[in-house]
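Here the structure is laid out as structure tokens; the discussion comes afterwards.
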């Protein structure tokens, strides 16, 4: 009888617990009172900015801009995320890829969320393109930034091909179908076509910076001769807003979005133990891009918004 | 004594006098009662976990999680008791597979205490809740492990040390396999050491 009583008592405790859990949930009530936990999302932009899904392996995908865009969409769809800190550590990359991410950042801001940039070692060229479309830019005085400009790389390997005995013939549908082909000298007409493209992309870049930084386009053109600036120089020129670390940027984002108290941080694209263990590259390096280009995996005409050396 | 009365007494004995209880359950192969105990041990924590999951915003996935827990748990119980039976025989055990199956089903009973544990955790400040829940669940898991050792000991009439080895052998084997796999894949993927 004693045993049964103990077990019945235990059953009653469990039953009361289940009922209590159903009708009384202080955590949920706290959350409801505060209107839910307010979060700041951190999205990392690291390495060369290049379109696509990046490289994948069995432990996950590494960063191409598709991954960054996916993270921006997640932040937009999460009602608890009030602001996003874009942590940029990138020398730039492809102009279209930078533009695509920049457009998505603008959409995120249009949805009512604050986007603040925190620059790491380097946020130049395409990296600066992204920063320019955010609400506020934080950088360290020694951060490398600027390099506003575009170039399209071209290599002429004609002599090398002759030396090693490679003669390539092409049957073309049009005169310029093999423009930028490395097997032959570029013609003057082709040079003018490419220069026209570069100028157009440069104008687009200047317009983005002028609009994002509320600067006169003529002044942007003065600064945008492709040179790199230190964070300190960039602040004097109005290319960044404040000196500060990523945590200063988080505080700034909290302030701009009206978050009271300490915000919850939500990191997107965190390094997993697997990628740490197996060294899965979470960024695209210029060496990898070079080899992809040699293997004809990249469009050879990808215009680059990045310094040639960094 | 009614069937319900016998079941309640078995529940008490398993929780507070597991040695004798496991011998009796395994000897009589009380598989029906074991199934009832197992279902209670799986469903009560699952229902209690629904409310925190709802608060965390994953409530809509909960029916799927619940079904996976239920059917996955039943499958795991069946397979793990079979594996333990085989290992126990290697160590000289003389019990029956059905007896061990019944005893290991009863061994899951402490998991029903997760329900009051969740409610107690709700009373605590938000900062202390994860630690309290973590320690509480760890305590319950250790209790379950101790009962599984009792189940093997009672069902197969093994010494305490051998029963511990039977329960730990699959865990250690899995751990060793994992370490070997990680080492193997790591060796294959890691870049060569710069000379």
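The values are calculated or read from the model by the stated rules, or taken from the named source; none is laboratory data. Computed from a predicted structure; not experimentally measured. Neighbour counts are summed over all protein chains in view; Cβ atoms, including those assigned to glycine, are modelled from backbone coordinates with ideal geometry.
Tabulated results
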| item | result |
| --- | --- |
| Positions within segment B:31-48 being over 17 Å from the mean Cα position of the chain (by Cα) and within 14 Å of another protein chain (Cβ to nearest Cβ), in sequence order | B:47, B:48 |
| Exclusive hit being more than 30 Å from residue A:233 (Cβ to Cβ), modelled with pLDDT of 95 or more and not in a loop (DSSP other than H, G, I, E, B), set A:70, A:107, A:82 | A:107 |
| Single residue of segment B:1-30 satisfying the filter (more than 17 Å from residue B:147 (Cβ to Cβ) and away from every other protein chain (no Cβ under 14 Å)) that is surrounded by the most Cβ atoms within 10 Å (Cβ to Cβ) | B:29 |
| Matching residues in segment B:121-162 - criterion: being crowded, with 17+ Cβ neighbours inside 10 Å, without any contact (Cβ under 8 Å) to a residue 40 or more places away in the chain and closer than 14 Å to residue B:91 by Cα | B:149 |
| Qualifying residue in segment B:91-109 (condition: part of a helix (DSSP H, G or I) and either in contact with a strand residue (DSSP E or B) (Cβ under 7 Å, 6 or more places away or on another chain) or within 14 Å of another protein chain (Cβ to nearest Cβ) (or both)) | yes |
| Sole residue being away from chain A (no Cβ under 11 Å), in a helix (DSSP H, G or I) and under 17 Å from the mean Cα position of the chain (by Cα), chosen from B:115, B:161, B:151 | B:151 |
